[in-house]
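Chemist: Please see the structure below; I have some questions.
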Amino acid sequence: MPYRSTQVLSPGPADKTILHTIALAHDQRHLRRKLLHLDNDDVVMLDLKEAVMLADGDLLVLDTGEYVRISAIPEALYDIRPRDPLHLIELAWHLGNRHLAAEIRQDRILIQRDAVIKVMLEGLGATVAEVTEPFQPMRGAYHSGHSHGHDHGHAHGGHHHAHD
């Protein structure tokens with residue numbers, strides 16, 4: 001019989017006993033209902049009230065009272081380094097203008113590899129290096145970074161648009 005989870009703890013407390021870990025890429029961590037397969041062939045039925053963007057370290061609370069930790073898989077990315085803080089803002093603007101998923105940090109930006117975007121960024125004066133590491137991009141204006149228990153309905157021009 002599969003395990004069942006209807007709750008996510010974010011960030012997951014370190015003092016919890018972890019039954020298992022599920023490793024997922026960033027585009028696999030936006031979930032609501034899904035069968036998640038553990039390495040030992042056990043299955044977790046994730047059944048949340050609404051879609052969430054799971055982050056590295058989040059815990060799925062199982063119906064048994066045990067926990068499964070979410071682990072972000074390292075992905076092929078570009079590490080973008082600016083000349084200074086203002087340049088970082090300018091680079092982030094250009095990436096956002098192209099609707100690219102980006103993880104923005106104080107001193108760098110991470111994006112998925114795209115040769116055309118690399119040429120653009122280098123043309124704007126950025127230093128771009130290939131890296132492989134976990135990726136946790138920011139969510140756009142119509143998404144919540146972590147939606148655990150929050151409403152995602154938005155009114156758009158007289159109709160309702162819900163994210164799930």
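The values are calculated or read from the model by the stated rules, or taken from the named source; none is laboratory data. Quick caveat: nothing in here was measured; it's all calculated off a predicted structure. So basically every Cβ, Gly included, is an ideal-geometry build from the backbone, and we count neighbours across all protein chains shown. All accessible areas refer to the heavy atoms of the entire protein, side chains included, with ligands and DNA or RNA removed. Shrake-Rupley method; radii C 1.70, N 1.55, O 1.52, S 1.80 Å.
Chemist: Go through segment 22-46 residue by residue and tally those that are in a strand (DSSP E or B), surrounded by 15 or more Cβ atoms within 10 Å (Cβ to Cβ) and touching a residue at least 40 places away in the same chain (Cβ under 8 Å). Even if it seems obvious, please write down each step before you answer.
Modeler: To start, the set of residues in segment 22-46 that are in a strand (DSSP E or B) comprises 22-24, 30-37, 43-46.
Retained after the next criterion (residues that are surrounded by 15 or more Cβ atoms within 10 Å (Cβ to Cβ)): 22, 24, 30-31, 36, 44-46.
Next cut, touching a residue at least 40 places away in the same chain (Cβ under 8 Å) only: 22, 24, 44-46.
Residues meeting the conditions: 5.
Chemist: Another question about this same structure. Which of the residues that make up segment 8-18 are touching a strand residue (DSSP E or B) at 6+ places or on another chain (Cβ under 7 Å) and open to solvent by less than 60 Å² (accessible area, probe 1.4 Å)?
Modeler: Step one: of segment 8-18, the residues touching a strand residue (DSSP E or B) at 6+ places or on another chain (Cβ under 7 Å) are 8-9, 12, 16-18.
If the condition is that a residue be touching a strand residue (DSSP E or B) at 6+ places or on another chain (Cβ under 7 Å) and open to solvent by less than 60 Å² (accessible area, probe 1.4 Å), then 8, 9, 12, 18 are the ones that fit.
Chemist: For residues that are over 18 Å from residue 139 (Cα atoms) and in a loop (DSSP other than H, G, I, E, B), scanning just segment 58-70, find the one that is most open to solvent (accessible area, probe 1.4 Å).
Modeler: 63
Chemist: Report yes if residue 38 is under 30 Å from residue 114 (Cβ atoms) and either of a type in the set (A, V, I, L, M) or modelled with pLDDT of 90 or more (or both), otherwise no.
Modeler: Values: under 30 Å from residue 114 (Cβ atoms): no; either of a type in the set (A, V, I, L, M) or modelled with pLDDT of 90 or more (or both): yes.
In short, no.
Chemist: Moving on. Take the residues in segment 47-57 that are assigned to a loop (DSSP other than H, G, I, E, B) and touching a residue at least 60 places away in the same chain (Cβ under 8 Å), then tell me which one is most open to solvent (accessible area, probe 1.4 Å). Talk me through it step by step, then tell me what you get.
Modeler: Start the filter on segment 47-57 by keeping residues that are assigned to a loop (DSSP other than H, G, I, E, B), which leaves 54-57.
Among the residues that remain, those that are also touching a residue at least 60 places away in the same chain (Cβ under 8 Å) are: 55-56.
Numbers: 55: 14, 56: 91 Å².
Going through the qualifying residues, I end up with 56.
Chemist: Looking at segment 36-51, can you tell me whether even one residue there is of a type in the set (A, V, I, L, M) and under 21 Å from residue 131 (Cβ atoms)? I'd like the intermediate steps shown before the answer.
Modeler: Keep residues of segment 36-51 that are of a type in the set (A, V, I, L, M), which gives 36, 38, 43-46, 48, 51.
Now narrow it down to the ones that are under 21 Å from residue 131 (Cβ atoms): none.
Checked against the condition, which is being of a type in the set (A, V, I, L, M) and under 21 Å from residue 131 (Cβ atoms), segment 36-51 yields no hits at all.
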